[in-house]
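Inspection log for the structure reproduced underneath, given as structure tokens.
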Amino acid sequence: MSDLTEIANLSILLVEPSEVQQKLIIKSLIQSGVKQIETATTQTQALTLLANYQPDLVISSMYLADGTADSLLQNIRSNPRTEHQAFMLVSSERNKKYLEQLRQSGVLAILPKPFTSEAITRALKATLDIISEQEVELEHFDVTLLRVLVVDDSRFARKHIIRVLAGMGIPAPVEAENCKQAIEQLNEQAFDLIVTDYNMPEMDGRELTAAVRGSNSYSHIPILMVSSEANETHLANISQAGVDAICDKPFEPATVRDLLFKIMS
């Protein structure tokens, strides 16, 4: 089945208070091949719809009359029925402080306004990757036997990472909410891969990487670093710390699949 056919089968809930912006986004979605689009203008309307309707993707503006994309996403993630809902932000907001919590909560993509048709199509393909569950094939490993340690202080971010990994056929990983717990787990059992956030309190991902690389017992374990940092110098410093690959947050399943193939094969 082609990407265009699969995109046509996607169901979208668009949460946008502006009638003008709503029409523009719908036009872009239709041009990308989407045919099933429901709309809401407020957080309350969106949550009411989600109580009876499970779209493949929620696309939301940052600011709503009765809340924000952040509060909407927190409500979605706090409900066991909707906690795995794919969520995308469309906003002209540039302030990192306002965007960071959304990244930590596992948004699929953050698209600026105005956005290109290529950008929306790429985000839709990332949604397809999430829901289609395409098992990754590694040359020297049976992916179903991979033992993965996921380290992130955000429970929502860990759940998003785990869902992406599960879609590739990787079984439930061991979770650690900070680097101290991660090191305790590393001392207790063997792992084939570490997926760690960079920004964490007390001990960050770079320090965890240094501790892993300095160990006689588990210095060989590949490390995939997930970071919301966009500064190239900062990313270069992370890379030099000994990580095998760096992935943006929010990250796309296709990117993770390629990185896994690179570092595990």
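The values are calculated or read from the model by the stated rules, or taken from the named source; none is laboratory data. As the structure is a computational prediction, the values presented were derived from the model and not from experiment. Here Cβ is always computed from backbone atoms with ideal geometry, including for glycine, and neighbour counts include all displayed protein chains. Calculation scope for accessible area: heavy atoms of the full protein, side chains included, ligands and nucleic acids excluded. Shrake-Rupley method; radii C 1.70, N 1.55, O 1.52, S 1.80 Å.
Could you name every one of the helices (runs of 4 or more DSSP H) located completely within region 123-221 that has at least 2 residues being modelled with pLDDT under 85 and out of contact with any Leu (no Cβ under 8 Å at 6 or more places or on another chain)? Give the steps one after another, and end with the answer.
Numbers: elements: 155-167, 179-188, 205-213.
Per the criteria, 155-167.
In this structure, does L111 turn out to be open to solvent by less than 40 Å² (accessible area, probe 1.4 Å), in the same structural domain as V58 (by the TED database) and modelled with pLDDT of 80 or more?
Details: open to solvent by less than 40 Å² (accessible area, probe 1.4 Å): yes; in the same structural domain as V58 (by the TED database): yes; modelled with pLDDT of 80 or more: yes.
So L111 fits the description; yes.
Return only the number of the condition from (1) within 21 Å of R163 (Cβ to Cβ); (2) open to solvent by 10 Å² or more (accessible area, probe 1.4 Å); (3) in contact with an Asp or Glu (Cβ under 9 Å, 6 or more places away or on another chain) that T82 does not satisfy.
For T82, the exception is condition (3).
Taking E100, is it among the charged types (D, E, K, R), closer than 24 Å to H160 by Cα and part of a loop (DSSP other than H, G, I, E, B)? Give the derivation first.
Working: among the charged types (D, E, K, R): yes; closer than 24 Å to H160 by Cα: yes; part of a loop (DSSP other than H, G, I, E, B): no.
In short, no.
Counting only residues that are open to solvent by 20 Å² or more (accessible area, probe 1.4 Å), assigned to a loop (DSSP other than H, G, I, E, B) and of a type in the set (S, T, Y), how many does region 24-50 have?
Adding up the residues that qualify gives 2.
Only one of these is open to solvent by 60 Å² or more (accessible area, probe 1.4 Å) and of a type in the set (A, V, I, L, M, F, W, C): A190, A172. Name it. Before you say what the answer is, go through the steps one by one.
Numbers: A190 fails: open to solvent by 60 Å² or more (accessible area, probe 1.4 Å).
One residue alone meets the criteria, A172.
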